[in-house]
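Q: Take a look at this one; I'll ask things after.
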Number of protein chains: 2
Amino acid sequence: MSKLTILKIGGALLQQPEALSDCLRYFHELPGHKILVHGGGRRASQISKAMGLTPRMHEGRRLTDEVTLEVVTMVYAGLENKRTVAQLQALGCPAIGLSGADANIILSEKRRGGAVDYGYAGDVVSVQSEQLQALLSAGLVPVCCAITHDGQGQLLNTNADTIAASLAAGLAPDYEVELQYCFEQPGVMRNIKDPASLIPSLNPDSYAYFRANGVIVDGMVPKLDNAFRAVQAGAKRAVIADLAGLKSGTGTEVVD
Amino acid sequence: MSKLTILKIGGALLQQPEALSDCLRYFHELPGHKILVHGGGRRASQISKAMGLTPRMHEGRRLTDEVTLEVVTMVYAGLENKRTVAQLQALGCPAIGLSGADANIILSEKRRGGAVDYGYAGDVVSVQSEQLQALLSAGLVPVCCAITHDGQGQLLNTNADTIAASLAAGLAPDYEVELQYCFEQPGVMRNIKDPASLIPSLNPDSYAYFRANGVIVDGMVPKLDNAFRAVQAGAKRAVIADLAGLKSGTGTEVVD
């Protein structure tokens, strides 16, 4: 099976031109097939404010009313996606920017009403791997943003970590998939202020232990849940690290 | 040669949900390969204003400073492109949204300084027809927005009529291309208030005559220049009409 690396980069990195440039160079130099997945939440909040709107969040997730959906569609699928694609093209990387609606690659459904109304938030239903394989086989490098659709004409705001994991899971039957989450920390740490407390590897048991003891909390939980979902669906490897860690092969590896 | 229809729709249509829906159904039902090209200028002006910016135009062309480039990239490549793609997907049309940077399909260069500084406005340099052919052969339907790139990482705002004509010219060696400009009028008219004054056909001589006599003026001139460029480059047919005209086969046909 061909190797496929799925690299997810966060919205903070997108706003640091030098670090982003460094990361895109790293991505471009990865051997084999690859897919980049990006967020853009920080810029979306800035643009919302510039338009006189107040971003509303719940447990780190954006509450997406109709106008907020317009903003995230503009920022994720427009500004951040096309800037990233243009930069990759400048490196000689044959990037093609995609939302889940493009070539129908990611179908999602509007999150059902619970205690919190997330509005136009989409949960991934399926990944159309044939279309992605066709693009990869044509030598293209998909750059996926955090917008999907429901197949009925409705765009939906979808968590970028989840998209990366869904792509990893959906493509695992056909590629030797490595999922890389690039974020601001060297990896998952016992003590966020102490780089030496990096946890080099997590399996379901140690993950359950660290969660029960309050070592792994907040935004790290859905990220790790996504990473476990990917390896459980057959991804060969999932790793969470900063760019230096990804380059040197350190970080936190998630194993099934 | 396979038939390829390139339909360009304007920003006004994008803001009329029912008319747009009607137009996308028409597009979906076109036989053979097809490409949709869209603008989005009206929404870009609205979003600019919502962000406290004042859109600046010169002879119908937008003066694109850095922040305006951000706005048009958001609106054209993000909001309008993805909404259109999602609507086409809902009809069963395998749409894929593209800027010129995606798969490097349209390379442009920043307009050189003249009397007017258009800022980040791009003039098309080349169309990479191989990539477009690969997408078309994969059964996909490209939906192209009016953003291109210079290959050096810079996005550029590019006139949608010009993009449609450049695609028609670039793909004419490989397809039997028909270029359709869909706008608000039944076609080119001697008297804009009298539908009966429709000019059914224009060749270079009659076009020169009508221009010299002040019958064809303003925004119609670059549109017709583009249409003539397409047929002179080998497009089989170019027509300018409203949706009713395109459906019934009327409008103004541009012949070489």
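The values are calculated or read from the model by the stated rules, or taken from the named source; none is laboratory data. Just so it is clear, the model here is predicted, and its values are computed rather than measured. Cβ placement follows ideal geometry from the backbone for every residue including glycine, while neighbour counts extend to all protein chains displayed. Accessible surface is based on the protein model in full, side chains and every heavy atom, while ligands, DNA and RNA are left aside. Shrake-Rupley method; radii C 1.70, N 1.55, O 1.52, S 1.80 Å.
Q: Can you tell me which condition residue A:148 does not meet? The list is (1) hydroxyl-bearing (Ser, Thr, Tyr); (2) more than 19 Å from residue A:67 (Cα to Cα); (3) crowded, with 24+ Cβ neighbours inside 10 Å, and all the others hold.
A: In the conditions (1) hydroxyl-bearing (Ser, Thr, Tyr); (2) more than 19 Å from residue A:67 (Cα to Cα); (3) crowded, with 24+ Cβ neighbours inside 10 Å, residue A:148 misses (2) alone.
Q: Which of the residues belonging to segment A:117-145 are out of contact with any helix residue (DSSP H, G or I) (no Cβ under 7 Å at 6 or more places or on another chain), without any contact (Cβ under 8 Å) to a residue 40 or more places away in the chain, open to solvent by 30 Å² or more (accessible area, probe 1.4 Å) and not hydroxyl-bearing (Ser, Thr, Tyr)?
A: Result: A:123, A:125, A:130, A:134.
Q: Report, by residue number, each residue of segment A:179-235 that is open to solvent by less than 20 Å² (accessible area, probe 1.4 Å), polar (S, T, N, Q) and over 18 Å from residue A:124 (Cβ atoms).
A: Those that are open to solvent by less than 20 Å² (accessible area, probe 1.4 Å), polar (S, T, N, Q) and over 18 Å from residue A:124 (Cβ atoms): A:180, A:197.
Q: For segment B:72-87, which positions are closer than 18 Å to residue B:25 by Cβ and either in contact with a strand residue (DSSP E or B) (Cβ under 8 Å, 6 or more places away or on another chain) or open to solvent by less than 10 Å² (accessible area, probe 1.4 Å) (or both)?
A: Across segment B:72-87, the qualifying residues are B:80, B:83, B:84, B:85, B:86.
Q: Right, next: Check segment A:22-29 and report whether any residue there is at pLDDT 95 or above, out of contact with any helix residue (DSSP H, G or I) (no Cβ under 8 Å at 6 or more places or on another chain), within 14 Å of chain B (Cβ to nearest Cβ) and open to solvent by 40 Å² or more (accessible area, probe 1.4 Å).
A: Yes, there is a match, as at least one residue in segment A:22-29 is at pLDDT 95 or above, out of contact with any helix residue (DSSP H, G or I) (no Cβ under 8 Å at 6 or more places or on another chain), within 14 Å of chain B (Cβ to nearest Cβ) and open to solvent by 40 Å² or more (accessible area, probe 1.4 Å).
Q: Search segment A:88-103 for residues being more than 8 Å from chain B (Cβ to nearest Cβ) and within 25 Å of residue A:165 (Cβ to Cβ), and hand back the single one that is surrounded by the fewest Cβ atoms within 10 Å (Cβ to Cβ).
A: Applying the filter and picking the extreme gives A:93.
Q: To continue, here is another question. Let me confirm something: among B:114, B:153, which residue is facing chain A (nearest Cβ under 9 Å), free of Cβ contacts under 8 Å to residues at least 40 places away in the same chain and within 21 Å of residue B:65 (Cα to Cα)?
A: On inspection, the qualifying residue turns out to be B:153.
Q: From the set of residues in segment A:61-75 that are touching a Gly at 6+ places or on another chain (Cβ under 8 Å) and more than 7 Å from chain B (Cβ to nearest Cβ), which is modelled with the lowest pLDDT?
A: The qualifying residue modelled with the lowest pLDDT is A:62.
Q: Condition first: buried (at least 23 other Cβ atoms within 10 Å of the Cβ) and either of a type in the set (S, T, N, Q) or in a strand (DSSP E or B) (or both). Now tell me which residues in segment A:105-116 satisfy that.
A: Listed by number, the residues that qualify are A:106, A:108.
Q: Continuing with this model, one more query. For the list (1) at the interface with chain A (Cβ under 9 Å from one of its Cβ atoms); (2) on the phi > 0 side of the Ramachandran plot, I need the number of the one condition that residue B:32 fails.
A: For residue B:32, the failing item is (1).
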